[in-house]
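For reference, the structure discussed in these notes is given below.
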Amino acid sequence: MQLRSNEPTGPIEHRWEKHKESSKLVAPANRRKYNIIVVGSGLAGGAAAASLGEMGYNVKCFCYQDSPRRAHSIAAQGGINAAKNYQNDGDSVFRLFYDTVKGGDFRSRESNVYRLAQLSTNIIDQAVAQGVPFAREYGGLLANRSFGGAQVSRTFYARGQTGQQLLLGAYQALSRQIEAGKVEMMARTEMLDLIVHDGRARGIVTRCLKTGKVEPHIADMVVLCTGGYGNVFYLSTNAKGCNCMAIWRAHRHGAAFANPCYTQIHPTCIPQSGEYQSKLTLMSESLRNDGRVWVPRNKEDVTKRPEDIPEKDRFYYLEERYPAFGNLVPRDVASRNALYVTNEGLGVGLEVDGERRGVYLDFSDAIKRLGEQTIRERYGNLFEMYERIAGDNPYKTPMRIYPATHYTMGGLWVDYNLQTTIPGLFAGGEANFSDHGANRLGASALMQGLADGYFVLPFTVGNYLGEVRTLPELAEDHPDVKKAVGSVEERIHKLMNAPDPKHAPEYFHRKLGRIIWSKCGMSRNKEGLEEALREIPKLRDRFWREVKVVGSGAELNQTLERAGRVADFLELGELMCIDALQREESCGGHFREEHEENGEALRDDEQFSYVSAWEWTGAAGEPRLNQEPLSFEYVKPSKRSYK
Amino acid sequence: MSEELLNLTLHVWRQDGPSQPGRFETHPATGISTHMSFLEMLDVVNEDLIEKGKSPIAFDYDCREGICGSCGMVVNGVAHGPQRLTTICQLHMRQFNDGDELWLEPWRASGFPVVKDLVVDRSAFDRIVQAGGYISIRTGSATEANEMPVAKAMADQAMDAAECIGCGACVAACPNASASLFTAAKISHLSLLPQGQAERLDRARNMVAQMDAEGFGGCTNHGECEAACPKGVSLRWIARMNREVVRSAVKSDSGVKTARR
Ligand SMILES: Cc1cc2nc3c(=O)[nH]c(=O)nc-3n(C[C@H](O)[C@H](O)[C@H](O)COP(=O)(O)OP(=O)(O)OC[C@H]3O[C@@H](n4cnc5c(N)ncnc54)[C@H](O)[C@@H]3O)c2cc1C
Ligand code: SF4
Ligand code: FES
């Protein structure tokens, strides 16, 4: 497999312009001759479909929810970065670029990241013009805050619902194109396979989730914006429906999968309360500004009421271990330390599966210092949400928190044009691997999704179509199409008719999640990964033997939907462990216990300064590794230290 | 944090498809932890049904954190259940007592046909937005964002209206099955902002015409919608919408005074 990044050369600040100048265009009058499929209606897909429709292409857009407005982008709370420098605090495109490359622990492509930083400012302009009600100052200008440890205030926000408001902006733009007849929206329709013809992506096979109808959709090209795969862990902050089906099917057709083991764990989520837990809820990271993290020093105290544990018996482990940063250490450091103290038996809260996985986040000092009113003003909504879910009042008793999977930096490998290794197949948003390296900075995913959707894809898609000009007609009864439809139908049949049906798909999903979370989660080692690699294929075999789906495929059947998604997670999970085992270093969200020094991750630039792009060779568990070397001209790799 | 286990009886609306007749079916829900969310309680019931080879209860959900608007059902006559300002996915079982009997029904409105069991088709909401619930701005043609200051009070009000998650509880709660609160929230969000002025009257006229065409009832000021709304969207937006519609009958942005479709 050839990995060509197709990056332009020359001074980094001119690369995107230069690339645009040398790219092919499709004339306005010709655009209506092209059919484009966009799978996904989140920030990336919604923005891409709306923009492509507006340019004059014929677009078909798909989502599995009942409306495009419900894509999981809607759940983003914190905000979106942009290098506007409105606060006059020294921000610039270069600084945002620099922070993102460094934050990604030097595992991303400089050209892509620079373009992202450049486009960040256009996103804010676009969103404001659409009517996104960002927070404003008294003078009427846009407000900013500093987010996730950034040293400048470059984050734009709309209360705690930034993702919702940005998505509604994209959804409204999409609605306008639907009304104009340029986008055909197919909601509650799930892509189950990709159609490849003559080496190019030419369509998809879908199942209508309402009627069960399986059918092909043929086009000139396909864009996947189907979000992240964090639900491989079963429990995560993602929506229940988030899945890897579209990107995994593409992978099996030849799209390389990059850096699958790079996953981000968020330190402040509400802990699991029981076996039945279906998802985890994120609490804003800003809570760590005023809350103090601790566990009891003595195991005997873990079941005591926290108020009854005297100060001397409390272990403020972040403050003790990292005096300079204290409770504000970066996400991965905070997360790993919570794992370690709970491994030692010091975890608090409810016991699940024989373990207590929770630590306290205590506001009593902040309340004493600033008064309850101030704390209420700062975090009132979050405290309410916490009480609704956990049933405790955080003004009176410390919150309990624990890390949870939040974001996946890995995804389909794409070049500078966001094209995968299958010609005509593009990927945007969280579904690709492009911009965040081994670790994503807060408020950067919304930025990337919208940059891809509004500004990169509309352009690079045109370049592709301008290059291929006309593609041969592909009829629905062509053998390649019939084969794809046939294999989808066969798979549905297999899922519904396991030889020894015993358990609902969740049963297997929970088991997979437990393996991945404990062995390929916050902290990984060779032994654990090898164990996981023995366990996952066994679980997968059991799944195909024992999965139980009731009802028929020709109706709304949510069990069948879940079964198909779990089947793919069972393959992707294995690839994650293979990738994590192969990468003998610690970087960003990937922490290998063998590669650390006093708890600090040890990156190995000599050996691992590359993107791992895994190629499907015909069977799960036997991928071939391809490497895209990374070079750093503008930001020189440095070691991080938070001690 | 204390945990109790509840035993409940569920009477669930089961309906195989849009044109099939529906009926209540009774299922016990036993050993339900007070820490479970309402939907997790249904997950547990469903997993049990599947293992027994029976058809699980269909209900919509996705984010399970009160923001995507996918979930929604009527519990004992109340849209999204008993806790105010809370979607059914965020409702937790500690709001219930041991021995409770719960009646679960889908949103009932002619604008929301039942798909299956508790799942309804809310695509009418999408069509109302398509009729004009946007600002026409081409990608890439926006001017510098800070060129147009927006008074903070206005921006805050627009945000209040924009909080709507499109769940449909307002329709389900309304005796007339009116979609006024949903439609008014979008019209108000955009009409409060300077960016939304150019299409303001046409937007109101077209969205309201679409709302009527979808078969939703009219608003007769019961206020049930506001009480059921999990996001606290205010009734005052309906009054605002009505003013816009009155104005749009005599004035127009585009010169056309009739609804587009
Ligand atoms: C709780 C939470 C909070 C976050 N907060 C922030 C934040 O403050 N700032 C920030 O920058 N980032 C944040 N993120 C990350 C960010 O929200 C996401 O990375 C981003 O929104 C992903 O957008 P997307 O368009 O790639 O995917 P999504 O929004 O997930 O959209 C995926 C789309 O694909 C569709 N789809 C998927 N599979 C299929 C299929 N097989 N067939 C058909 N359709 C399919 C879905 O229906 C959906 O429309 C947060 C994430 C979470 C989970
Ligand atoms: S107005 Fe409230 S109840 Fe109605 S759809 Fe919006 S959020 Fe739901
Ligand atoms: S599932 Fe998203 S709001 Fe309830």
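The values are calculated or read from the model by the stated rules, or taken from the named source; none is laboratory data. This structure is a prediction, so every number in the text was calculated from the model and none was measured. Cβ: placed from backbone, ideal geometry, glycine included. Neighbour counts: every protein chain shown. The area values use the complete protein model at the heavy-atom level, side chains included, leaving out ligands, DNA and RNA. Shrake-Rupley method; radii C 1.70, N 1.55, O 1.52, S 1.80 Å.
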**Q.** region A:526-579, subset more than 20 Å from A:GLU190 (Cβ to Cβ) and among the β-branched types (Val, Ile, Thr), residue surrounded by the most Cβ atoms within 10 Å (Cβ to Cβ)
**A.** A:ILE536
Q.
Looking at (1) more than 16 Å from ligand 3 (Cβ to nearest atom); (2) closer than 21 Å to B:GLY168 by Cβ; (3) not charged (D, E, K, R), which one does B:SER248 not meet, given that it meets all the others?
A. (2)
(Q) Restricting to region B:198-218, and then to whatever is assigned to a helix (DSSP H, G or I) and within 12 Å of chain A (Cβ to nearest Cβ), can you tell me which residue is farthest from ligand 3 (Cβ to nearest atom)? (A) B:ARG200
Q: Considering (1) in a loop (DSSP other than H, G, I, E, B); (2) in contact with a helix residue (DSSP H, G or I) (Cβ under 7 Å, 6 or more places away or on another chain); (3) not hydrophobic (A, V, I, L, M, F, W, C), say which one B:GLN195 fails and leave the rest.
A: (1)
Q: Report yes if B:ALA145 is small (Gly, Ala, Ser), open to solvent by 30 Å² or more (accessible area, probe 1.4 Å) and assigned by TED's automatic domain parsing to the domain that holds B:ARG240, otherwise no.
A: no
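Is it true that A:GLN272 is within 16 Å of ligand 3 (Cβ to nearest atom), farther than 25 Å from A:GLY449 by Cβ and within 13 Å of chain B (Cβ to nearest Cβ)? Quick ask: steps written out before the conclusion?
On the way: within 16 Å of ligand 3 (Cβ to nearest atom): no; farther than 25 Å from A:GLY449 by Cβ: yes; within 13 Å of chain B (Cβ to nearest Cβ): yes.
It is false that A:GLN272 is within 16 Å of ligand 3 (Cβ to nearest atom), farther than 25 Å from A:GLY449 by Cβ and within 13 Å of chain B (Cβ to nearest Cβ).
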Q: Determine if region B:147-159 includes at least one residue that is within 22 Å of the chain's Cα centre (by Cα), within 7 Å of chain A (Cβ to nearest Cβ) and in a loop (DSSP other than H, G, I, E, B).
A: no
**Q.** Complete set of residues in region A:126-147 that are open to solvent by less than 30 Å² (accessible area, probe 1.4 Å), of a type in the set (A, V, I, L, M) and facing chain B (nearest Cβ under 7 Å)
**A.** A:VAL128, A:ALA129, A:LEU142
(Q) Restricting to region B:92-107, and then to whatever is surrounded by 14 or more Cβ atoms within 10 Å (Cβ to Cβ) and either within 13 Å of B:CYS167 (Cβ to Cβ) or more than 16 Å from ligand 3 (Cβ to nearest atom) (or both), can you tell me which residue is nearest to the other protein chains (Cβ to nearest Cβ)? (A) B:ARG94
Q.
As an exercise: evaluate B:ARG84 against (1) of a type in the set (Lys, Arg); (2) over 20 Å from the mean Cα position of the chain (by Cα); (3) within 16 Å of ligand 2 (Cβ to nearest atom) and give the number of the one condition it does not meet.
A. (2)
Q. Quick one: which of B:ILE67, B:ILE50, B:ILE32 is of a type in the set (A, V, I, L, M), more than 16 Å from ligand 3 (Cβ to nearest atom) and closer than 24 Å to A:CYS269 by Cβ?
A. B:ILE32
Q: Please find, within region B:70-84, the residue that is most open to solvent (accessible area, probe 1.4 Å) out of those that are outside any strand (DSSP E or B) and more than 12 Å from ligand 3 (Cβ to nearest atom).
A: B:ARG84
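Yes/no per residue for (1) open to solvent by 50 Å² or more (accessible area, probe 1.4 Å); (2) without any contact (Cβ under 8 Å) to a residue 40 or more places away in the chain:
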position	(1), (2)
B:GLY215	no, no
B:GLY223	no, yes
B:ALA227	yes, no
B:VAL233	no, no
B:ILE238	no, no
B:MET241	no, no
B:ALA249	yes, no
B:LYS257	yes, no
B:ARG260	yes, no
**Q.** All positions within region A:364-411 that are open to solvent by 20 Å² or more (accessible area, probe 1.4 Å), farther than 30 Å from A:VAL232 by Cα and part of a loop (DSSP other than H, G, I, E, B)
**A.** A:GLY371, A:ASN393, A:TYR395, A:LYS396, A:THR397
**Q.** Hits in region A:186-214 (condition: in a strand (DSSP E or B), within 13 Å of ligand 1 (Cβ to nearest atom) and either buried (at least 24 other Cβ atoms within 10 Å of the Cβ) or not aliphatic (A, V, I, L, M) (or both))
**A.** A:THR189, A:GLU190, A:MET191, A:ASP193, A:LEU194, A:ILE204, A:THR206, A:ARG207, A:CYS208
